[in-house]
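Participant: I have a structure here, written as structure tokens, and I will follow up with some questions on it.
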Amino acid sequence: MPTSEPFILMVEDNRGDALLFQEALRERGSSVRLVVARSVEEGTQILTQMAADGEFPCLILVDLHIPRQDGRAFLILLGSDDRFARIPTIMLSSSQREFDREECLRLGADSFQVKPSDWLSYLALVDSFKSYWAPSV
Amino acid sequence: MKTPDQAVPVAEPDKAPVGDRAKVLLVDDRQDKLTALEAVLGGLDLDLVMAKSGKEALRLLLANEFAVILLDVSMPVMDGFETAALIRQRKSSEHTPIIFITAMSATETHVSRGYSLGAVDYIFAPVVPEMLRAKVSVFLDLFRKSREVERRADALRHEAELRAEQLESRLESLLNRLNVGVFRSTPAGDLINANPAFMRIFGINPSVNPATINLGQLYIRQQDRSELLAELRRTGRVQERHVRQHRIDHSPIWVSLSKTLVVDSKGDEFIDGMVEDVTVRKEAEIALIAKAEELARSNAELEEFAYIASHDLQEPLRMVSSYSSLLEARYGSVIDENGKMFLGQVVDSAKRMQTLIRDILTYSKLGRGSEDSLVDCNEMLERAHFNLQPLFTEANVEFHREHLPTIRGDPVLIGQVLQNLLGNAVKFRRDGVRPRVDISAKRVAEGWEFAISDNGIGIPGDCLERIFHVFHRLHGRDEYEGTGIGLAICRKAVQRHGGTIRVESTVGQGSTFYFTLPATD
């Protein structure tokens, strides 16, 4: 289990979303680091590097529609690695298409969230993470 | 008196023409008997032929047909019975009536022997003239009648043949005029004959000897030929099959081919066939199919594009409304009322855009086959009403609903139609007048006609059709909310079910929207 500061890994190529999430964390007084990877490749790199130092994220957020490599592929990667399989993983998407949700849950995501479109909803999202998935957030 | 060797008829005045008269054969070895018979029968309308012996009689029978034969039983060398037996053996005289003349008092065996040999009657000497005349007349009559029947039968047969010929030539010329090629070939495909239309279809010079052409040459793919031949063998015929063939100059054509396998009376096999040039029709068909496929492909692409586009369009909007609200939250204290109002405009615009994109997506998705099920419209109305509850309450709507039918369709679309129309009915209400909305349905030829009426502001007569167009808005953005797609969505949804939608309205009084949906039966 991680001994150093907890961090959240966010695999998101949209800078605006990442920034909003960061602000929401700050607003809620969280001291958790937000590490943003702009691609699944980068995300995998970061995870492996941190793991080598004995550090693991307490929460992983993945944008479903991240370009080049689908967010789904990342899920499969996580699921197949014992080190990461048990970390809560939340898929984020602006799409509400039903099959996306079911498919992600089938692939091993712990939850599926629609990206918020106003500030208050962002705060609510952070609150839900705190209370449910990762109390350390 | 005639000599036995001559079959010269007795000419009598006022009787049937010579040659056409019935002939009667008298057979007796005694001249005096013959003379006596001649005397008795001479007055009748017939030709008498005499024979002095059975042998002579048989000889005469070779050349003549007799209505009746009078046969003396007791003759030397060959008696009457023997003669009768021989007469009956000949096919030509198998059924000629024979009257036996006998002097003997008829014993039963004698008579029955005669009958078994084919005698039709007996006359006992001495001959009673009236009796003989009467009997002979009966047979004469019969003979004449059967000859008449034969003549008539021949005439009918001849007429039938004539008609058949005429029909055939009419058919032939018809087929030629209609450019239907008709042909006969051997099973191997060697052409035996073909009508002018056939030659024209394949561009063969009519002077060419058909025997030089083998139908196999006309096929583009020999595989087609073998397949058709196999079917011909299996079922005895091929019916209107479209095949690619080519004309004698190798230009390709599409033909409709029909063939049957026939066997003539000698046991020889032939293929009889009909062929029509369907190139134009076929090419149009192929083009149509290609177009349909292209359309399907393009539709799929469009849907994909619409989905992606809307997706990517939503992204920046989310950013706009999120950051605007963040701005307000964080810097609200240093922003004055005006500033807050400006921010509000920004957020409103973003929200409107999001709704618009959603509506466009909905509109574009309509028409892609979705699953049909039984839809209880009362239930859908309930839901729509529930969704509009805040609006209904705020406006204090007087809502009257009648029982609605169950129809077959897409529940989501039906729900949308109801919600849109109900919403509009309340949205466009008159100031100071309590809004009233009625919904009902009645059975019509096309299925069910639903009616949603209100007592709102109404719609001008010249806009009744245009309001169903996408983006068409009757009022400014500030007066009434809405994207202007709602009714377009309604129309498309209704059309997808094969129905129609229209509106009747009076400005200042209200509107009634009518839409039809097919019934389940």
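The values are calculated or read from the model by the stated rules, or taken from the named source; none is laboratory data. It should be emphasised that the depicted structure is a prediction, and the values quoted were computed from it without experimental measurement. Ideal geometry is used to build each Cβ from the backbone, glycine not excepted, and the neighbour counts take in all protein chains shown. What goes into the accessible areas is simple: the full protein's heavy atoms, side chains included, and nothing from ligands, DNA or RNA. Shrake-Rupley method; radii C 1.70, N 1.55, O 1.52, S 1.80 Å.
Participant: Over the heavy atoms of B:Arg90, what accessible area does a 1.4 Å probe trace out, to the nearest 10 Å²?
Facilitator: Its heavy atoms expose roughly 70 Å² to the probe.
Participant: What is the average number of partner chain Cβ atoms found within 10 Å of a Cβ in A:113-123?
Facilitator: Average neighbour count from other chains, rounded to a whole number: 5.
Participant: Here's another thing I want to ask about it. Scale the Cα Rg of the range B:258-309 by the rule-of-thumb value 2.2 N^0.38 Å and send over the ratio, two decimals.
Facilitator: So the Cα radius of gyration is 2.39 times the expected 2.2 N^0.38 Å.
Participant: Moving to a separate point now. Would you work out the relative contact order for chain B, in percent, from Cα pairs under 8 angstrom that are 6 or more residues apart?
Facilitator: 7
Participant: Using only alpha carbon pairs under 8 Å that are at least six residues apart, calculate the relative contact order of the range B:308-433 and give it in whole percent.
Facilitator: Relative contact order, the range B:308-433: 26 percent.
Participant: Another question, then. Figure the gain on full extension for A:Asp127 and A:Val114 (residue separation times 0.36 nm, minus the Cα-Cα span) and round it to one decimal in nm.
Facilitator: Taking 0.36 nm per residue and subtracting the Cα distance, the gain is 3.2 nm.
Participant: Right, another one. Over all alpha-carbon pairs in the range B:282-425, figure out the percentage whose distance exceeds 19 Å.
Facilitator: That tail contains 71 percent of the Cα-Cα pairs.
Participant: If r is the Cβ-Cβ distance from B:Ser440 to B:Glu304 and R0 is 51 Å, what FRET efficiency results, to the nearest 0.05?
Facilitator: 0.80
Participant: Residue by residue through the range B:181-193, what is 3J(HN,Hα) from phi via Karplus (6.51 cos²θ - 1.76 cosθ + 1.60, θ = phi - 60°)? Round to whole Hz and write x for glycine and proline.
Facilitator: So the J values, rounded to whole Hz, are x, 10, 8, 10, 9, 6, x, 7, x, 6, 5, 9, 8.
Participant: Another question about this same structure. Dividing the alpha-carbon radius of gyration of chain B by 2.2 N^0.38 Å (N being the number of residues), what value is obtained?
Facilitator: Against the compact-globule rule of thumb, the ratio is 2.16.
Participant: What is the set of long-range amide H partners of B:His242 at a cut-off below 5 Å, with H atoms built 1.01 Å from backbone N?
Facilitator: Close amide H contacts, sequence-distant or interchain: B:Leu257.
Participant: Take every Cα pair under 8 Å in chain A that's 6+ residues apart, average their separations, divide by the length, and report that relative contact order as a whole percent.
Facilitator: 27
Participant: Based only on the alpha carbon positions, what is the Kirkwood hydrodynamic radius of the protein assembly as shown, in angstrom?
Facilitator: 37.4
Participant: Output the Cα-based Rg and Dmax of the range B:212-261 in Å, rounding Rg to one decimal and Dmax to a whole number.
Facilitator: Answer for the range B:212-261, Rg first and Dmax second: 10.9, 33 Å.
Participant: Can you give me the solvent accessible area of A:Asp13 with a 1.4 Å probe, rounded to the nearest 10 Å²?
Facilitator: Ignoring ligands and nucleic acids, A:Asp13 comes out at about 50 Å².
Participant: Suppose every Lys and Arg Cβ carries +1 and every Asp and Glu Cβ carries -1, with no other charges. What dipole size does the range B:307-399 come out with about its Cα centre, to the nearest 20 debye?
Facilitator: Dipole of the range B:307-399, to the nearest 20 debye: 440 debye.
Participant: Another question, if that's okay. Apply 1/(1 + (r/R0)^6) to the Cβ-Cβ distance of B:Glu82 and B:Glu161, taking R0 = 45 Å, and write down the FRET efficiency to the nearest 0.05.
Facilitator: The pair B:Glu82/B:Glu161 has a calculated efficiency of 0.55.
Participant: For peptide B:311-321, how many partner chain Cβ atoms fall within 10 Å of a residue's Cβ, on average?
Facilitator: 4
Participant: Can you compute 3J(HN,Hα) from phi for each residue in the range B:41-55, using the Karplus curve 6.51 cos²θ - 1.76 cosθ + 1.60 with θ = phi - 60°, rounded to whole Hz and x for Gly and Pro?
Facilitator: 8, x, x, 6, 7, 7, 9, 8, 10, 10, 9, 8, 8, x, 4
Participant: Long-range amide H contacts for B:Trp448: which residues qualify at under 5 Å (H placed 1.01 Å from N, peptide plane, sequence gap of 5 or more or a different chain)?
Facilitator: B:Leu517, B:Ala519
Participant: Please give the direction-averaged projected area of the C-alpha convex hull for the range B:136-246, in square nanometres with one decimal.
Facilitator: It is 11.1 nm².
Participant: Given 5 Å bins starting at zero, what is the percent of C-alpha pairs of the range B:374-429 in each, up to the one with the largest pair distance?
Facilitator: So the P(r) values, bin by bin, are 4, 20, 31, 24, 13, 7, 2.
Participant: Full-extension gain between B:Glu130 and B:Arg358, please, as 0.36 nm times their residue separation minus the C-alpha to C-alpha distance.
Facilitator: Once the chain is fully extended between B:Glu130 and B:Arg358, it gains 70.2 nm.
Participant: Per residue of A:15-25, count partner chain C-beta atoms within 10 Å of its C-beta, then hand back the mean as an integer.
Facilitator: 3
Participant: Between 0 and 90 degrees, rounded to the nearest ten: what's the tilt of helix B:279-331 against the longest Cα principal axis of chain B?
Facilitator: For helix B:279-331, the angle is close to 10 degrees.
Participant: Let me ask something else. How long is chain A along each principal axis, judged by its Cα atoms, biggest number first, in Å?
Facilitator: Reported extents, whole Å, longest axis first: 37, 34, 25.
Participant: A follow-up question, please. Kindly express, to the nearest 10 degrees and within the range 0 to 90, the angle between helix B:222-235's C-alpha long axis and the longest C-alpha principal axis of chain B.
Facilitator: 60
Participant: Between helix B:377-387 and chain B, what is the angle of the helix's C-alpha long axis to the longest principal axis, kept within 0 to 90° and rounded to the nearest 10?
Facilitator: The angle comes out at about 10 degrees.
Participant: From the phi of every residue in the range A:46-63, what ³J(HN,Hα) in whole Hz does the Karplus formula 6.51 cos²θ - 1.76 cosθ + 1.60 yield, where θ is phi - 60° and glycine or proline is x?
Facilitator: Here the 3J(HN,Hα) series is 4, 4, 4, 4, 4, 4, 4, 8, x, 10, 10, x, 8, 7, 10, 10, 10, 6 Hz.
Participant: Please calculate the 1.4 Å probe accessible area of B:Leu60, with all protein chains present, and give it to the nearest 10 Å².
Facilitator: Approximately 20 Å² of B:Leu60 is accessible to the 1.4 Å probe.
Participant: Which order do you get for B:Tyr323, B:Tyr219, B:Tyr514 if you rank them by accessible area with a 1.4 Å probe, largest at the top?
Facilitator: B:Tyr323, B:Tyr514, B:Tyr219
Participant: Just the projected area, averaged over all directions, of the convex hull on the alpha carbon atoms of the range B:345-470: how many nm²?
Facilitator: If I average the Cα hull's projected area over directions, I get 9.8 nm².
Participant: Starting from the Cα of B:Lys365, step 7 Å toward the Cβ, then list every residue of the range B:485-508 with an amide N under 14 Å from that point.
Facilitator: Counting only backbone N, you get B:493.
Participant: In nanometres, what is the gap between the two model label sites at B:Arg241 and B:Ile220, each 7 Å from Cα along Cα-to-Cβ?
Facilitator: 1.6
Participant: Name the residues whose placed amide hydrogens come within less than 5 Å of the amide hydrogen of A:Ser111, ignoring near sequence neighbours (fewer than 5 apart) on the same chain.
Facilitator: It is A:Thr89, A:Met91, by chain and number.
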